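Trainee: The structure's right below; bear with me while I get my questions together.
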Amino acid sequence: MERFFYIVITTILAMTIYSPGGAEDQLSDLTGGVIPLVSFDPADALSPGGELYASGELTTRSDLRYSIRVKNQTGDPILASSLIIVVDKIVEVARGRDVINQLEVIGHDGYTEEGKPFFRIPPGSSTELAPFAESHPVLVQIRNPDLLRLSTPILRVRGVRVDAIKQIEELGRVLIQKGLLSPEEAADLLKSTASANQ
C-alpha cells in the first residue's frame with residue numbers, strides 16, 4: 001500500500017511539473033528569471049511618439065504588433081517546449097488603468113484560468129533554452145478599436161526549469177533505494193512524464 005501511495009504521489013508531481021499541453025496555470029512563473037524582450041515588429045510601420053502624423057500613420061493608438069523573445073537569465077536550462085508568454089495587462093497611458101478587456105489580442109494560443117491570453121514560444125531545434133540564451137520570437141498583435149494610447153504590454157513568463165526534471169529523477173532514485181519502486185517502474189514513470197511533455 002505504501003508503495004502504491006508513493007507511485008501515485010510521484011506521478012501527480014511529475015504531471016503537475018511537466019504538463020505544458022493544457023495545464024498552463026500549473027507551469028512555474030519564471031518572470032524575473034526569464035525576461036521578456038519586447039520590440040515593435042519591424043513589419044509594422046509605427047512612428048514614435050503616440051501622435052497622428054501628417055502621413056496618416058497612428059502610433060501607439062493604432063493596432064500594434066510586437067515581436068517578443070525571452071532571455072533565460074537563470075542559471076538553469078528551461079524546457080523549451082514548456083515556455084509561454086502571458087499578456088497580463090495592457091495599460092492605457094492617460095488613466096493608468098488596465099484596458100486589456102477593451103482590446104483584441106490576436107493569434108493567441110489560449111487563455112489562463114484568470115482569462116489572460118497566452119502565446120507559446122516556438123522551441124526551435126533545441127529541447128532547452130540554455131542559461132543566458134534567447135528564444136525565437138513570437139508575434140503578438142493587438143487590435144485597438146478605441147484608439148487608446150497604450151503602454152507596452154506587461155508580460156509574465158511561465159515554463160519548467162530543467163532542474164525540476166532532475167528532481168523527479170532524483171525522487172525516482174530515492175524510491176528505488178528504499179524499495180518502494182522498481183527500476184522498471186521508475187523508467188516507466190520517466191517515460192510517461194516525457195511523453196506527456198511532447
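The values are calculated or read from the model by the stated rules, or taken from the named source; none is laboratory data. Computed from a prediction, not measured in an experiment: that's the story for all the values here. Glycine gets a Cβ as well: all are built from the backbone with ideal geometry, and neighbour counts include every protein chain shown.
Trainee: Which of the residues spanning the range 65-100 are of a type in the set (S, T, N, Q) and under 11 Å from the mean Cα position of the chain (by Cα)?
Mentor: Ser81, Ser82
Trainee: Is there any pair linking a residue in the range 166-189 that is within 24 Å of Ile78 (Cβ to Cβ) to one that is polar (S, T, N, Q), with Cβ under 8 Å and at least six apart or on different chains, and which?
Mentor: If the second residue must be polar (S, T, N, Q), the pairs left are Ile168/Thr10; Ile168/Thr193; Leu171/Thr10; Gly172/Thr10; Leu189/Thr10; Leu189/Thr11.
Trainee: Looking only at the range 125-156, which residues are among the hydrophobic types (A, V, I, L, M, F, W, C) and either more than 15 Å from the chain's Cα centre (by Cα) or farther than 9 Å from Ile78 by Cβ (or both)?
Mentor: Correct list: Ala130, Phe132, Ala133, Val138, Leu139, Val140, Ile142, Leu147, Leu148, Leu150, Ile154, Leu155.
Trainee: Take residues that are closer than 20 Å to Val34 by Cβ and at pLDDT 90 or above and tell me which of the strands (runs of 3 or more DSSP E) falling wholly in the range 80-187 contain 2 or more.
Mentor: 84-89, 117-120, 138-143, 154-159
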